[in-house]
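Some notes on the structure that comes next.
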Amino acid sequence: MLPAVKLIRILLFLMVLSGIVACGSSEDASSSSSVLNRGLSAEPESLDAHKARSLQAADVLRDLGEGLVSFTATGELTAGAAESWEVSDDLLTYTFHLRPDAKWSNGDALTAEHFVFAINRLVDPATAAFYAQFLEDVSEMKAIDDHTLQVVLARPTPYLLSLLTHPATFPMHPGSLAKQGENFARPGDLVTNGAYVLTAWIPGSLLTLVRNEHYWNNANTAIDEVRYHILSQETTEYARYRAGELDITSAVPSDNFEEVKRVAGQELHIAPVLNIYYYGYNLTKPPFKDNPELRQALSMAIDRELLVEKVTGRGETPAYSWVPPGVDNYEPTQLSFAALTQEERNQLAQTLYAEAGYSAENPLQLELRYNTGDTHKKIALAIQSMWREVLGFEVVLVNEEFQVLLANIRDKEITQVFRSSWIGDYNDAHTFLNILQSKNAANVSGYASEEYDALLERAAEQVDLSRRRLYLEEAERVMLADYPAIPIYFYVSKHLVKPRVAGWGDNVLDYHYSQHLSLKAEQ
Amino acid sequence: MLRYTLLRVLGAIPTLLLVVVLAFLMVHAAPGGPFDDERVLPVDVAANIQAAYHLDEPLPAQFARYLSGLLHGDLGPSYRYRDYTVAELIRSGFPLSLRLGVLAMALALLVGISSGIVAALRQGSMLDRMVMFFAVTGISIPVFVVAPLLVLLFAVNLQWLPAGWSGASGAAKYILPVITLALPQIAYIARLTRASMIDVLGTDFIRTARAQGLGTKVIIRVHAFKPAIMPVLSYLGPAIAAILTGSVVVEEVFGIPGLGQFFVRGALNRDYTLVLGIVIFYATLIIALNLAVDLLYGVIDPRVRQR
């Protein structure tokens with residue numbers, strides 16, 4: 001046989017082997033106007049609401065399920081699976097009335113017992129739920145009858161309703177758990193009570209949700225099918241949006257934001273969210289242990305306005321408080337130097353730096369750790385130069401892989417200054433303030449103030465919301481005066497939304513339920 | 001023959017075991033764990049989750065547990081894709097990676113060899129220079145640059161092809177990833193073929209063939225082709241390796257749910273079982289292929305069996 005012929009045969013064989021001929025998959029890219037294509041920046045680790053953890057999983061779960069309470073497109077609390085509720089005068093007992101017509105996606109009636117079943121599973125150690133302590137202030141949840149659910153609290157928890165919008169508190173269908181065991185969260189098996197039901201899931205690629213015909217508000221749900229495309233690269237997601245393959249992106253690329261702004265125009269949605277970007281100090285070791293002057297000096301020498309304008313540049317706001325603005329029933333306290341000009345801050349910072357015993361001859365030796373990421377690197381470089389110019393020391397930048405940084409922060413052995421952030425779980429100052437309580441596991445700085453802890457305790461006991469608020473604000477003031485961390489900026493949510501998508505609302509929690517959206521007819 | 005086969009199969013077991021041990025140790029040596037997150041868990045919750053996945057046990061105990069699962073054919077659950085087992089993820093990812101790799105290899109051979117031959121025949125011509133220009137750029141521009149450029153041109157601007165994988169229908173979605181993956185190999189193979197074809201065309205036996213009055217087509221097909229592609233054949237091994245590693249980037253850029261993507265994500269997320277599973281899977285595959293080749297030698301060459 002001639003070699004050329006042989007080679008061609010081999011090639012043909014390879015082609016057939018690879019199955020290109022038969023690879024036309026059954027995925028139907030029909031351009032039907034009721035299909036919504038959304039980007040999702042990471043794979044949900046699970047669609048079992050008790051095994052899920054990430055924001056991305058919660059995004060999908062909010063389309064699939066529904067708690068007692070829900071949010072409108074613009075972030076106001078609204079009735080969910082419960083159509084109404086009463087609160088006792090001492091704020092300790094909530095009685096929820098479920099919608100009589102509420103059903104599961106398989107047609108079964110949704111009853112109060114299903115909420116009780118879910119919370120029992122949530123707190124059961126065998127479930128190994130990430131949010132096992134999410135409802136720790138709830139002392140009892142009981143079904144009065146099929147449609148009445150009573151929640152008894154150990155102490156007033158004014159943000160309870162906000163908690164009850166979280167997927168960790170959604171009801172569960174006991175029948176499908178009994179039948180499927182731990183594998184119930186699979187397409188075709190997952191029984192949910194929200195506007196959509198999961199029909200397909202290709203790990204690493206795509207989740208497909210279709211309208212739940214049994215949902216109580218199905219008549220007002222416009223979009224028939226929602227596809228979540230798992231796209232971890234911002235630039236890839238952006239390309240797909242521009243190619244017309246996505247209606248909504250989960251993010252916007254950071255490196256060419258100016259171009260995006262110019263091209264996208266009105267399609268770009270930037271809005272404040274409950275999310276802080278900060279640098280933590282390791283307060284358990286020198287040089288920051290018992291050294292508030294030094295901590296204050298470093299914090300003051302950072303020009304936050306310059307950072308958000310020149311480095312992040314996507315509409316972020318400089319952070320002079322710990323709790324972000326926009327939290328319900330709260331006015332964040334400001335850092336002591338917030339009212340000064342940067343010039344004045346720098347001078348004061350130099351004085352404090354000198355008082356702490358450092359000088360040009362004896363400069364501070366410091367390492368700043370941050371995880372891999374373009375923005376993180378740029379911010380670290382900018383802060384390095386600010387500290388150099390204002391205080392005259394050279395901080396050593398240490399770039400670490402995210403999991404390495406997290407482990408180092410947790411160990412509190414070699415860290416000094418490190419990058420971190422915190423995202424509010426619900427719309428209340430508590431979700432930010434409680435992580436600096438001395439016993440809180442998320443207290444990565446190791447901040448321990450008896451006064452602060454006591455103020456938070458007092459706040460937690462208050463029935464009167466305005467008094468509670470005063471305690472919380474006072475707690476924040478006390479904490480900020482200790483400088484346990486450097487608030488840098490408050491994040492914004494960044495989405496691209498095609499003009500054909502109607503019903504989009506910006507909100508501080510960055511929740512965007514598909515059921516609130518609709519698609520305008522193409523021109 | 002049976003004895004020889006048996007010996008070889010048994011001989012592969014220690015190799016595989018060594019791979020498992022090393023991979024296990026390396027994965028666990030990386031700092032951080034699968035459940036570390038910026039949103040730090042309450043202490044009790046964290047301890048409970050560690051216990052649920054047996055991560056609180058000493059490493060030897062964890063290894064024994066893993067090995068015993070492995071012996072029963074169980075690669076364990078994924079820590080990051082908690083609704084899936086590692087075996088399920090490999091089953092869903094490998095066919096895609098294989099298909100991409102095979103298609104890219106086929107394309108690279110087809111285009112690389114033919115453009116190399118054409119360039120060799122028209123040595124010094126405009127066409128030759130163009131082919132070589134593309135070959136040099138193809139080799140020097142990395143995959144992560146080529147991919148977005150192709151997407152920008154063909155998907156965003158011209159809108160001929162889908163920009164991504166998920167939700168796209170039919171074979172069109174393979175085109176850009178396969179081209180991206182094949183491009184550096186096309187370039188390399190074209191250069192190899194051209195150089196060796198020029199060498200061959202200058203040899204005495206080709207001159208003799210010409211003197212006998214044979215046409216160019218016949219000379220190339222009958223006499224020159226076979227010796228000219230020998231260097232290409234010996235390059236196939238490195239090419240396959242390059243395509244395997246290249247597919248990691250391509251799968252990431254195009255969002256293709258293949259093994260490469262799972263591997264990268266698994267490593268970043270400290271998804272111990274997923275990374276281990278993929279390493280063991282590839283190791284087994286390579287060992288099995290080597291074994292098959294050796295056994296084939298045994299069939300062809302009786303002297304091998306005698307040893």
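Given the options A:292, A:325, name the one that is surrounded by fewer than 22 Cβ atoms within 10 Å (Cβ to Cβ) and within 21 Å of the chain's Cα centre (by Cα). Of A:292, A:325, the one residue that is surrounded by fewer than 22 Cβ atoms within 10 Å (Cβ to Cβ) and within 21 Å of the chain's Cα centre (by Cα) is A:325.
Where residues in segment B:38-58 are over 12 Å from residue A:441 (Cα atoms) and facing chain A (nearest Cβ under 7 Å), which of them is surrounded by the most Cβ atoms within 10 Å (Cβ to Cβ)?
B:49
Applying the selection to segment B:155-164, what residues are farther than 16 Å from residue A:249 by Cβ, within 7 Å of chain A (Cβ to nearest Cβ) and open to solvent by less than 60 Å² (accessible area, probe 1.4 Å)? Matches in segment B:155-164: B:162 only.
Selection over segment B:240-260 of residues that are modelled with pLDDT of 90 or more and at the interface with another protein chain (Cβ under 7 Å from one of its Cβ atoms) gives a count of 1.
Right, residue B:8: touching a residue at least 12 places away in the same chain (Cβ under 8 Å), away from every other protein chain (no Cβ under 11 Å) and over 30 Å from residue A:136 (Cβ atoms) or not?
Yes, satisfied.
Residue A:268 satisfies every condition listed in (1) buried (at least 21 other Cβ atoms within 10 Å of the Cβ); (2) over 30 Å from residue A:109 (Cβ atoms) except (1). Restricting attention to segment A:129-161 and to residues that are touching a Ser or Thr at 6+ places or on another chain (Cβ under 6 Å), in a loop (DSSP other than H, G, I, E, B) and away from chain B (no Cβ under 14 Å), the residue that is surrounded by the most Cβ atoms within 10 Å (Cβ to Cβ) turns out to be A:146. Within segment A:352-403, the set of residues being farther than 25 Å from residue A:336 by Cα and of a type in the set (Phe, Trp, Tyr) comprises A:370, A:402.
There is no residue in segment A:354-375 that is out of contact with any helix residue (DSSP H, G or I) (no Cβ under 7 Å at 6 or more places or on another chain), within 14 Å of chain B (Cβ to nearest Cβ) and in a strand (DSSP E or B). Any residue in segment A:353-367 that is over 21 Å from the mean Cα position of the chain (by Cα), more than 16 Å from residue A:293 (Cα to Cα) and buried (at least 17 other Cβ atoms within 10 Å of the Cβ)? Within segment A:353-367 (the criterion being over 21 Å from the mean Cα position of the chain (by Cα), more than 16 Å from residue A:293 (Cα to Cα) and buried (at least 17 other Cβ atoms within 10 Å of the Cβ)), the answer is no, since none of the residues qualifies. The one condition from (1) in contact with a Phe, Trp or Tyr (Cβ under 9 Å, 6 or more places away or on another chain); (2) over 30 Å from residue A:205 (Cα atoms) that residue B:253 does not meet is (2). Open to solvent by 70 Å² or more (accessible area, probe 1.4 Å), free of Cβ contacts under 8 Å to residues at least 12 places away in the same chain and closer than 28 Å to residue A:227 by Cβ: does that describe residue B:152? Considered against the rule, which asks whether it is open to solvent by 70 Å² or more (accessible area, probe 1.4 Å), free of Cβ contacts under 8 Å to residues at least 12 places away in the same chain and closer than 28 Å to residue A:227 by Cβ, residue B:152 comes out as yes.
Considering every residue within segment A:179-201, establish whether at least one is open to solvent by 30 Å² or more (accessible area, probe 1.4 Å), closer than 17 Å to residue A:40 by Cβ, within 11 Å of chain B (Cβ to nearest Cβ) and of a type in the set (Gly, Ala, Ser). Among the residues of segment A:179-201, at least one is open to solvent by 30 Å² or more (accessible area, probe 1.4 Å), closer than 17 Å to residue A:40 by Cβ, within 11 Å of chain B (Cβ to nearest Cβ) and of a type in the set (Gly, Ala, Ser), which makes the answer yes. A single member of B:224, B:288 is open to solvent by less than 50 Å² (accessible area, probe 1.4 Å), more than 9 Å from chain A (Cβ to nearest Cβ) and either assigned to a helix (DSSP H, G or I) or more than 26 Å from residue B:84 (Cβ to Cβ) (or both), and it is B:224. Among the residues of segment B:254-272, those that are more than 16 Å from residue B:95 (Cα to Cα), buried (at least 24 other Cβ atoms within 10 Å of the Cβ) and of a type outside the set (D, E, K, R) comprise B:254, B:266, B:269, B:272.
The number of residues in segment A:212-228 being away from chain B (no Cβ under 14 Å) and outside any loop (DSSP other than H, G, I, E, B) comes to 3. Restricting attention to segment A:162-204, the residues that are under 30 Å from residue A:469 (Cα atoms), out of contact with any Ser or Thr (no Cβ under 7 Å at 6 or more places or on another chain) and aliphatic (A, V, I, L, M) total 2. For segment A:81-128, the tally of residues that are open to solvent by less than 20 Å² (accessible area, probe 1.4 Å) and within 14 Å of chain B (Cβ to nearest Cβ) stands at 3. Among the conditions (1) at pLDDT 95 or above; (2) assigned by TED's automatic domain parsing to the domain that holds residue A:426; (3) not hydroxyl-bearing (Ser, Thr, Tyr), the only one that residue A:225 does not satisfy is (2). When residue B:82 is tested against the conditions (1) free of Cβ contacts under 8 Å to residues at least 40 places away in the same chain; (2) among the basic types (Lys, Arg); (3) open to solvent by 30 Å² or more (accessible area, probe 1.4 Å), the lone failure is (3). Being crowded, with 16+ Cβ neighbours inside 10 Å, part of a helix (DSSP H, G or I) and not assigned by TED's automatic domain parsing to the domain that holds residue A:393 is a condition met by no residue of segment A:308-315.
Within segment B:59-96, being within 11 Å of chain A (Cβ to nearest Cβ) and of a type in the set (S, T, N, Q) holds for B:78, B:85, B:92.
Looking at the structure I just gave you, is residue A:508 closer than 30 Å to residue A:254 by Cα and at pLDDT 95 or above? Criteria not met by residue A:508.
Among the residues of segment B:125-138, are any open to solvent by 40 Å² or more (accessible area, probe 1.4 Å), at the interface with chain A (Cβ under 10 Å from one of its Cβ atoms) and of a type in the set (Ser, Thr, Tyr)? Taking every residue of segment B:125-138 in turn, none turns out to be open to solvent by 40 Å² or more (accessible area, probe 1.4 Å), at the interface with chain A (Cβ under 10 Å from one of its Cβ atoms) and of a type in the set (Ser, Thr, Tyr).
The values are calculated or read from the model by the stated rules, or taken from the named source; none is laboratory data. Because the structure is a prediction, the values reported are computed rather than measured. Using ideal geometry, Cβ is built from the backbone for each residue, glycine included, and neighbour counts are taken over all protein chains shown. Heads up: the accessible areas ignore ligands, DNA and RNA and are worked out on the full protein's heavy atoms, side chains in. Shrake-Rupley method; radii C 1.70, N 1.55, O 1.52, S 1.80 Å.
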